[in-house]
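Structure, as structure tokens:
Quick note: the coordinates plus some simple rules give every number you see, no bench work behind them. Note that the structure is a prediction, hence the values are computed from the model and not measured. All Cβ positions, even for glycine, are placed from backbone atoms using ideal geometry, and neighbour counts span all protein chains on display.
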Amino acid sequence: MNLVPANSAAKQIPHPPLSSGVALDAPVAHSLNDNHPLQQRLADWDDNQKGLQMEMLRRVYGAAEPIRRAMEQTIIEKSTFVPESVGGSSNLHLNILANRDATIGWEDVYPDHKETSFHQELESRMFK
């Protein structure tokens with residue numbers, strides 16, 4: 001039993017693009033900024049985690065706890081100065097406040113030390 005007559009001009013159904021060998025175009029967002037969608041999310045990961053931690057501390061302990069921790073971090077960032085010639089700053093206090101004291105990162109394994117004298121470092125710090 002033939003449903004379509006042999007001499008009729010039946011419309012041809014187009015093949016899907018992947019089966020015919022024609023590739024689909026890249027998404028518009030990818031063509032505009034050439035970044036993977038997760039790249040910005042990974043770049044903002046630490047800031048987002050810090051914000052979530054501060055929000056959790058605010059809900060559990062009240063508004064004073066995140067303010068106190070931010071104040072302590074600001075004081076440590078501004079006051080920590082150990083010259084490289086004496087051994088350099090390890091930022092141990094900042095690591096403890098940020099809860100990174102048990103993690104090892106690239107900066108811990110491959111520190112970026114500059115060979116400067118104590119006086120050069122002090123002058124560069126004073127005359128910024």
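So the values come out like this:
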| read-out | value |
| --- | --- |
| FRET efficiency, Lys78 to Leu42 (Cβ-Cβ, R0 30 Å, nearest 0.05) | 0.55 |
| Label-point separation in nm, Leu52 to Glu123, each point 7 Å along Cα→Cβ | 4.8 |
| Residues Arg100, Arg125, Arg69 arranged by fewest to most Cβ contacts within 10 Å | Arg125, Arg100, Arg69 |
